[in-house]
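The block underneath contains the structure these notes are about, expressed in structure tokens.
The values are calculated or read from the model by the stated rules, or taken from the named source; none is laboratory data. Source: prediction; values computed, not measured. For neighbour counting, all protein chains shown are included, and Cβ atoms are generated from backbone atoms with ideal geometry for every residue, glycine included. Side chains included, ligands, DNA and RNA excluded: accessible areas come from the protein's heavy atoms. Shrake-Rupley method; radii C 1.70, N 1.55, O 1.52, S 1.80 Å.
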Amino acid sequence: AAGEYTEVLKHEPGSPSQWSKFGLQISVNATVDAMVVAAPSETVSAVNEKGRVYYYKKIAGVWTLQQTIDCPGANQLNFGQRTAMTSDGLYLFISAPNHTGGLNGIVYAYQLVSGTWVLASQYTQGVVLDGFGSAMQFNGDQSLMAISAPNLKRVYIYGVSGSVLTLRKT
């Protein structure tokens with residue numbers, strides 16, 4: 001009936017963690033029936049708050065888990081704090097703005113290859129404890145992306161071409 005809601009996805013991890021923050025960040029692409037759901041505080045490989053991102057595809061009307069994406073960096077925390085998927089569903093940007101050992105934040109760019117997200121490149125500003133990637137946003141036509149580094153009170157503007165970001169302005 002009009003106005004009623006139905007459940008479309010229920011995630012039940014094998015070993016649930018009340019602190020995973022599953023769903024803190026979600027990017028949906030209705031054009032290609034794809035969705036990524038971040039759990040930026042999930043424990044991964046015994047590292048608390050390392051984070052993980054889940055990739056779902058809508059198959060025969062059902063959202064089905066296709067891949068879990070773990071942070072490729074050893075020291076980054078809160079992987080998945082922000083996510084952004086391009087409108088064609090071929091590129092995905094995932095941030096890990098927190099750090100240990102004095103490392104700066106980082107944004108990873110992935111490309112969808114044969115149905116699997118593959119790391120294509122990574123971006124950082126190389127400034128210790130900057131929080132780079134705490135927020136990310138495309139402009140309307142996705143030709144530009146703004147990425148914040150709030151600990152420095154800066155926003156970086158990048159030109160976007162596939163998985164390649166080119167710094168335009170700080």
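Things to note:
- Each of residue 57 and residue 90 was given a label point 7 Å from its Cα along the Cα-to-Cβ line. The distance between the two points is 1.6 nm.
- Cα gyration tensor shape for the chain, rounded if a/c is under 1.5, else prolate or oblate: oblate
- The phi torsions of region 133-149, fed into the Karplus equation with coefficients 6.51, -1.76 and 1.60 and a -60° offset, translate into couplings of x, 5, 9, 9, 8, 7, 7, x, 9, 6, 8, 10, 9, 9, 10, 8, 9 Hz, rounded to whole numbers, with Gly and Pro shown as x.
- The per residue volume of the convex hull around the alpha-carbon atoms of region 101-159 is 97 Å³.
- By accessible area, using a 1.4 Å probe on protein heavy atoms only, region 96-165 has 54% of its surface on carbon and sulfur.
- Simple spin-label estimate for residue 169 and residue 155 in nanometres, 7 Å along Cα-Cβ: 1.0
- For residue 120, nonlocal amide neighbours, meaning residues 5 or more places apart or on other chains whose placed amide H falls under 5 Å from its own, are 109, 110, 111.
- Region 90-134, accessible area per residue, ligands and nucleic acids excluded (1.4 Å, Å²): 38
- Per-residue packing, averaged as other Cβ atoms within 10 Å, sorts the ranges 48-57, 120-129, 136-145 into the order 48-57, 120-129, 136-145, beginning with the highest.
- Normalised alpha carbon radius of gyration of region 57-102 [divisor 2.2 N^0.38 Å]: 1.46
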